[in-house]
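In what follows, a structure is listed as structure tokens, so that the remarks can point back to it.
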There are 2 protein chains.
Amino acid sequence: MFNVFLVGHLLIVALDTLRDQGFEDPLRKIVEEVSPHVSGFKIGLSLLLEKGLGVISKVKKFSEREVIADLKLADIGDIMITTLKLLASVGVDAIIAHGFIGVSDALDKLIAEAEKYDVNVILVVSMSHRGSEKYIDKHFEELLQDAVQLGVHGVVIPATKPHLITQARRVLGSEVYIYSPGVGVQGAKPGDALCAGADYEIIGRLITTSLKPSSVVKTVKNIQLERVRECRGSL
Amino acid sequence: MFNVFLVGHLLIVALDTLRDQGFEDPLRKIVEEVSPHVSGFKIGLSLLLEKGLGVISKVKKFSEREVIADLKLADIGDIMITTLKLLASVGVDAIIAHGFIGVSDALDKLIAEAEKYDVNVILVVSMSHRGSEKYIDKHFEELLQDAVQLGVHGVVIPATKPHLITQARRVLGSEVYIYSPGVGVQGAKPGDALCAGADYEIIGRLITTSLKPSSVVKTVKNIQLERVRECRGSL
């Protein structure tokens with residue numbers, strides 16, 4: 001079930017905010033420095049709007065790791081497909097969409113088209129903020145069923161809700177990856193989500209606002225490995 | 001209740017797709033041509049990703065009408081605020097966000113920040129595709145209550161669901177504007193949503209893929225006025 005950990009890394013770096021830390025090219029600096037220690041990069045809407053689609057090609061140029069576009073797509077199928085095609089044209093490996101928009105004429109269309117472009121789809125099935133409990137979390141089990149039936153590559157569940165991660169792992173088996181944001185600034189500790197059953201932890205500001213991104217990544221990695229050894233007995 | 005119609009127009013043009021119709025500058029051509037006959041322009045995610053944020057300043061340059069950024073924001077508050085600030089910096093008048101992400105630490109934060117930048121927030125409370133019935137539409141009444149309590153500028157309800165528009169008008173009174181997409185290619189006829197109680201109909205491809213955008217707009221406008229005269233007795 002956790003074989004992926006034997007060959008890969010447990011960390012995705014969220015490139016939402018790039019503070020001016022005096023680096024000549026902050027994006028290149030961070031990507032090149034942390035790339036050997038991470039599984040991939042998640043690029044958010046604001047960075048894409050600010051820097052343009054070229055930011056994805058740039059990350060792909062400086063790293064061989066996976067690039068996930070986190071636009072939290074939540075539109076009708078045809079509109080999401082237009083966005084998908086733009087993202088595929090710059091080499092994106094995966095996109096994140098909301099499970100909440102439903103399957104018919106939305107996620108079904110997106111996923112069928114994404115397969116043609118060899119782009120993975122990752123569904124948001126819960127979020128870290130309190131408001132997520134009002135509507136999204138009430139449909140958590142149904143959203144997991146949608147994920148299984150759609151055969152998506154992965155789901156997003158926040159590290160701050162380890163009980164939902166554990167529940168999801170039981171429903172999803174080992175076929176669907178669990179990506180877990182909310183580690184660091186949002187409150188969860190490295191390893192919390194992994195011990196609950198997640199495949200990857202996503203960390204953003206803790207790394208991207210640091211003067212030494214690679215040392216933060218190495219520290220996080222060590223904590224993750226130690227925690228996983230403790231909670232699973234072994235790797 | 002419908003006083004707005006005496007002074008304004010009933011149409012918003014969705015600039016999602018700009019086909020190459022041989023115009024030197026298709027965006028400028030469409031915006032300048034239709035501007036005298038419409039209330040505003042709605043700019044979608046794909047156009048923003050393709051052309052960059054400058055597309056908003058450009059529309060503002062060629063028209064005095066309102067510009068709505070339709071990114072269907074659906075993230076935690078802090079992340080949406082980063083996007084809001086970028087959009088405000090290029091002069092956007094309104095943004096569209098999803099009601100289903102909930103209020104606490106999401107919409108409450110976004111709306112408080114949007115007020116500082118004098119940007120209106122419009123909430124999606126129903127969508128036109130079939131999948132919308134699975135989750136979103138089940139919470140329609142609660143989403144309307146959120147809209148009232150948050151004091152949003154407007155809500156989005158598709159023209160293909162006139163019964164929901166009528167229900168929303170009763171709940172929202174005249175304080176919250178109802179924007180209605182889905183007219184044209186998606187199936188509803190001009191005037192359908194207005195007669196149900198909407199303030200604005202949003203039309204995209206029917207106009208933006210036409211060789212004569214202004215004649216399409218004038219035709220739509222005439223149909224709208226005729227329908228509204230019929231269904232409301234008078235303007």
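Just so you know, all these numbers are worked out from the coordinates, no wet-lab data involved. Not measured: the values here are computed from a predicted model. No Cβ is skipped: glycine too gets one built from the backbone with ideal geometry, and neighbour counts run over all protein chains shown.
With a ≥ b ≥ c taken as the square roots of the eigenvalues of the C-alpha gyration tensor of region A:16-113, please select rounded if a/c is under 1.5 and otherwise prolate if a/b is larger than b/c or oblate if it is not?
Prolate, since a/c reaches 1.5 and a/b exceeds b/c.
So for chain A, averaging the separation of alpha carbon pairs under 8 Å that are six or more residues apart and normalising by length, what relative contact order in percent results?
So the answer I get is 20 percent.
Would you please put A:180-188, B:97-105 in order of how densely packed they are, using the mean number of other Cβ atoms within 10 angstrom per residue and starting with the highest?
Working: A:180-188: 22.0, B:97-105: 24.4.
The peptides rank, most packed first, as B:97-105, A:180-188.
How far, in nm to one decimal, is residue A:85 from itself in the other copies if the label point is set 7 angstrom along Cα toward Cβ? Shortest first, please.
Sorted ascending, the copy-to-copy spacings read 3.4 nm.
Would you mind giving the mean number of other chain beta-carbons within 10 Å of the Cβ of each residue in A:94-100, as a whole number?
Per residue, the average neighbour count from other chains is 3.
Give me the mean projected area, in nm² to one decimal, of the convex hull enclosing the Cα positions of region B:63-192.
Result: a mean projected hull area of 8.2 nm².
What nm distances, shortest first, do you get from the label point of residue B:233 to those in the other copies when the point sits 7 angstrom along Cα to Cβ?
7.9
Tell me, in nm to one decimal, what length is gained between residue A:117 and residue A:133 on full extension, where the rule is 0.36 nm per residue of separation less the Cα-Cα distance?
Gain on stretching residue A:117 to residue A:133: 2.4 nm.
Regarding the protein assembly as shown, what whole-number volume in Å³ per residue does the convex hull of its Cα atoms give?
Given the Cα convex hull of the protein assembly as shown, per-residue volume reads 132 Å³.
State, to one decimal in nm and shortest first, how far the label point of residue A:104 sits from each corresponding label point in the other identical copies (label point: 7 angstrom along Cα-to-Cβ).
Here the equivalent label points are 3.3 nm apart from this one.
Give me the number: length gained by fully extending residue A:85 to residue A:166, i.e. 0.36 nm times residue separation minus the C-alpha to C-alpha distance, one decimal in nm.
25.8 nm
What percent of all Cα-Cα pairs in region A:4-232 falls in each 5 Å bin, counting up from 0?
All Cα pairs, binned at 5 Å, distribute as 1, 7, 15, 19, 20, 17, 12, 6, 2, 0 percent.
So what is the calculated 222 nm ellipticity per residue for chain B, using -39500 (n - 2.57) for each DSSP H run with n of 4 or more, over all residues, to the nearest 500 deg cm²/dmol?
-12500 deg cm²/dmol
Counting Lys and Arg as +1 and Asp and Glu as -1, each charge on the Cβ, what is the dipole of the protein assembly as shown about the Cα centre in debye, to the nearest 20?
Here the protein assembly as shown has a charge dipole of around 340 debye.
Taking every DSSP beta bridge with both residues inside region A:4-232, roughly what % is antiparallel (nearest 5)?
The antiparallel fraction comes to roughly 0 percent.
Could you sort A:67-75, A:129-137 so that the peptide with the highest average Cβ count within 10 Å comes first and the rest follow in order?
Those peptides, ordered most packed to least, come out A:67-75, A:129-137.
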